[in-house]
Amino acid sequence: MSDMLNVALPKGRLGEKVYDIFERAGFACPSIREQNRKLIFENPEAGVRYFWVKPSDVAIYVERGAADIGVAGKDILLEYKPDVYELADLRMGVCKMAVAAKNGFRDDPTRTLRVATKFENIARRHYASLGRDIDIIHLNGSIEIAPILGLSDVIVDIVETGTTLKENDLSVIEDVLPISARLIANKANFKFKSAAIDRIVSEINQQVGAK
Amino acid sequence: MQSNELFCGRAERAVLSLRALYRAHGYSQYKMSKFEEYDLYVRNKSFLISDHVITLTDTTGRLLALKPDVTLSIVKNSRDTAGVKKVYYNENVYRTAAASHDFREITQVGLECMGEIDAYCTAEVLSLAARSLDALSPEFVLEVSHLDVVSHLLDSVGAEGAMRAELLRFLAEKNTHDIRALCASCGWDNESVELLCALVAVSGTPSSVRAQLDALSVACPNVKGAMDELYDAIGQLETEGFGAQLRLDFSLINDMNYYNGIVFRGYIKGVPTRILSGGRYDGLMHKMGKRQSAIGFAVYLDLLDGLNEPPAEYDVDTVVLYDATTPTARVSAAVAACVSAGERALALRELTDGLRYRELVDLRGDKCCE
């Protein structure tokens, strides 16, 4: 295994913002800013290797040690519960997990509630904590359609601005959890690369104003 | 002649050296059946790493399980006798993989020390854990924690029930931002919460974190006893020269219903999860109706498969090619010559695709040698 620090970044705007923080912590890799379709970038002098992966896969790369650290949304961490350290809240990609339904929806507690979601485990845990019997309908996208077509009573999904909900005559009826991007680390690799990882954590905390 | 060990895989070699190590320290081997009553695991489900147990029914209708764990069986069969009983095991256990839900057979080697556990027993088990890791890889880390330190700090925060469980989860993640958020929402004393966060931040060799831990002991005098016990236990390891490989890290949290006191985990470079796990488990002993104490650990040797060893350059040293005209005695003699020189020889009628060899001895037809 290489002694480079392997960093899994989520593809997209969030990943680019996260890279800026890493650069300021002394882990620059200028080639990453070039416009091309490469997925792996390394800077042997700074001892760092970055790779772009699908945001929902970051936790898998980190848990299995292919990446030492990475940035993943709290939604993914709560859904899949990977065995990783969660070292910092980047306070980026802030949104919330919420329950939404058609405007005017009234819950009938005598019936099983049909819940459409991408986040089965989060939804299951949420309703278990309320003691509510539910029927989970797993969907992979366009969750908002489910209540409109009568496929489900409610949806459990990520809400950023609420525009999609509004345009589809839906509204949030309950907040489940606040979500933001987190810095995660592989527990074993952390033992061998803690100095570099600590540097990044303190840079992040400094930038987001955390302790 | 080459040693037989060279022909073993990495895990097999490790089994041999670990067994020799444990035997040398007076541990006797514990053998057990592949099957155990399912009931044992149902009652102690949270002690198991994986929730899923592979079950089957025997001819009398009893529900059995393919054993997912060794320690439970050893504890169940142990007797409350005076003194200390030291056993080691080398067994296969059966679990389902977390991600794929496939059945897995896992080679596990470990030891248990049960009875009146004193400071020497603890130091010996920790030392054997460090030596086990050393036998697997020169680049290893042994992480040690004391659950009573964590427990006292949680008491001083005032966390109970579900909130305590949540805090423990955050501690295990080194997640100070959510600890602070949870404590703020519960209105807990800020000073105690900061002590908890300071504890999470501890991660380093005993000498490098000594000042941080001393400060914690001053701020929360309840933890002093546990802290002293921890330093006593690792003192011997430092004397044995393992100081640089030791890490004190209080994010290491095992289930407190079973474990108490000193707990530890071992990592080797290149394996992405802990390869060794152990600790003091008086809680499990008491749950199973035993009065004794116990400490032990397990090494998960299947994880060595994950290490990327450079592939062998050749499949065999020599290929001996023969055909119908070659006398059997000549083929045998050629193979025997290689074997006695400590080489690997493969006799074939024709070369198979992709076979990598260092030398070719061609005994086909009139050809003599190539």
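Would a scan of region B:185-193 turn up a residue that is within 27 Å of residue A:188 (Cα to Cα) and open to solvent by less than 50 Å² (accessible area, probe 1.4 Å)? Checked against the condition, which is being within 27 Å of residue A:188 (Cα to Cα) and open to solvent by less than 50 Å² (accessible area, probe 1.4 Å), region B:185-193 yields at least one hit. Taken together, the residues in region A:46-76 that are open to solvent by less than 40 Å² (accessible area, probe 1.4 Å), among the acidic types (Asp, Glu) and either away from chain B (no Cβ under 14 Å) or within 11 Å of the chain's Cα centre (by Cα) (or both) amount to 1. Could you list, in sequence order, the residues of region B:62-95 that are more than 17 Å from the chain's Cα centre (by Cα), in a strand (DSSP E or B) and β-branched (Val, Ile, Thr)? B:84 - this is the single residue of region B:62-95 that is more than 17 Å from the chain's Cα centre (by Cα), in a strand (DSSP E or B) and β-branched (Val, Ile, Thr). No other residue among B:169, B:180, B:210 is open to solvent by 10 Å² or more (accessible area, probe 1.4 Å), in a helix (DSSP H, G or I) and away from chain A (no Cβ under 14 Å) apart from B:210.
The set of residues in region B:128-151 that are away from chain A (no Cβ under 14 Å) and open to solvent by 10 Å² or more (accessible area, probe 1.4 Å) comprises B:131, B:134, B:135, B:148, B:151. Hey, can you tell me all the residues within region B:286-299 that are out of contact with any helix residue (DSSP H, G or I) (no Cβ under 6 Å at 6 or more places or on another chain) and buried (at least 21 other Cβ atoms within 10 Å of the Cβ)? Answer for region B:286-299, where residues must be out of contact with any helix residue (DSSP H, G or I) (no Cβ under 6 Å at 6 or more places or on another chain) and buried (at least 21 other Cβ atoms within 10 Å of the Cβ): B:296, B:298. Scanning region B:264-276 for residues that are over 21 Å from residue B:141 (Cβ atoms) and either away from chain A (no Cβ under 12 Å) or open to solvent by less than 40 Å² (accessible area, probe 1.4 Å) (or both) turns up nothing. Only one entry of B:71, B:57 meets the criterion of being exposed (fewer than 12 other Cβ atoms within 10 Å of the Cβ) and β-branched (Val, Ile, Thr), and that entry is B:57. Within region B:296-315, the only residue that satisfies the criterion of being modelled with pLDDT of 90 or more and either touching a Cys at 6+ places or on another chain (Cβ under 7 Å) or not assigned by TED's automatic domain parsing to the domain that holds residue B:48 (or both) is B:296. Among the residues examined, residue B:293 qualifies as of a type in the set (S, T, N, Q) and assigned by TED's automatic domain parsing to the domain that holds residue B:93. Taking region A:112-211 and the helices (runs of 4 or more DSSP H) fully enclosed by it, the elements with 1 or more residues that are within 14 Å of chain B (Cβ to nearest Cβ) and surrounded by fewer than 21 Cβ atoms within 10 Å (Cβ to Cβ) are at A:120-130, A:187-192, A:194-208. Residue check: is residue B:116 in the same structural domain as residue B:11 (by TED's automatic domain parsing), open to solvent by 50 Å² or more (accessible area, probe 1.4 Å) and either hydroxyl-bearing (Ser, Thr, Tyr) or touching a residue at least 60 places away in the same chain (Cβ under 8 Å) (or both)? Against the criterion (in the same structural domain as residue B:11 (by TED's automatic domain parsing), open to solvent by 50 Å² or more (accessible area, probe 1.4 Å) and either hydroxyl-bearing (Ser, Thr, Tyr) or touching a residue at least 60 places away in the same chain (Cβ under 8 Å) (or both)), residue B:116 qualifies. For region B:12-29, a tally of residues being in contact with a helix residue (DSSP H, G or I) (Cβ under 6 Å, 6 or more places away or on another chain) and not hydrophobic (A, V, I, L, M, F, W, C) returns 2. Would you say residue B:31 is open to solvent by 10 Å² or more (accessible area, probe 1.4 Å) and under 25 Å from residue B:15 (Cα atoms)? Considered against the rule, which asks whether it is open to solvent by 10 Å² or more (accessible area, probe 1.4 Å) and under 25 Å from residue B:15 (Cα atoms), residue B:31 comes out as yes. Would you confirm whether any residue within region B:82-98 is open to solvent by 60 Å² or more (accessible area, probe 1.4 Å) and either modelled with pLDDT of 90 or more or touching a helix residue (DSSP H, G or I) at 6+ places or on another chain (Cβ under 7 Å) (or both)? Checked region B:82-98: at least one residue is open to solvent by 60 Å² or more (accessible area, probe 1.4 Å) and either modelled with pLDDT of 90 or more or touching a helix residue (DSSP H, G or I) at 6+ places or on another chain (Cβ under 7 Å) (or both).
Has region B:246-254 got any residue that is over 12 Å from residue B:144 (Cα atoms) and not polar (S, T, N, Q)? Show your work before the answer.
Of region B:246-254, the ones over 12 Å from residue B:144 (Cα atoms) are none.
Taking every residue of region B:246-254 in turn, none turns out to be over 12 Å from residue B:144 (Cα atoms) and not polar (S, T, N, Q).
Meeting the requirement of 2 or more residues that are open to solvent by 80 Å² or more (accessible area, probe 1.4 Å), the strands (runs of 3 or more DSSP E) wholly within region B:312-370 are B:357-362. For region B:237-257, filtered to residues that are without any contact (Cβ under 8 Å) to a residue 60 or more places away in the chain and outside any loop (DSSP other than H, G, I, E, B), the residue that is nearest to the other protein chains (Cβ to nearest Cβ) is B:244.
Across region A:78-89, the number of residues qualifying as more than 9 Å from every other protein chain (Cβ to nearest Cβ) and either among the acidic types (Asp, Glu) or within 24 Å of residue A:203 (Cβ to Cβ) (or both) comes to 2. For region B:75-93, what are the residues that are in contact (Cβ under 8 Å) with a residue 60 or more places away in the chain and within 18 Å of residue B:43 (Cα to Cα)? B:75, B:76, B:78, listed by residue number. Annotation note: Cβ proximity below 9 Å between a residue of region A:141-162 that is within 11 Å of residue A:101 (Cα to Cα) and a residue that is open to solvent by 20 Å² or more (accessible area, probe 1.4 Å) and of a type in the set (Phe, Trp, Tyr) (sequence gap 6+ or interchain) occurs for A:147/A:105; A:153/A:105; A:154/A:105.
The values are calculated or read from the model by the stated rules, or taken from the named source; none is laboratory data. Bear in mind the structure is a predicted one, so any value in this text is a computation, not a measurement. Note that we place each Cβ from the backbone using ideal geometry, even for glycine, and neighbour counts take in every protein chain shown. Note: areas computed on protein heavy atoms with side chains; ligands, DNA, RNA excluded. Shrake-Rupley method; radii C 1.70, N 1.55, O 1.52, S 1.80 Å.
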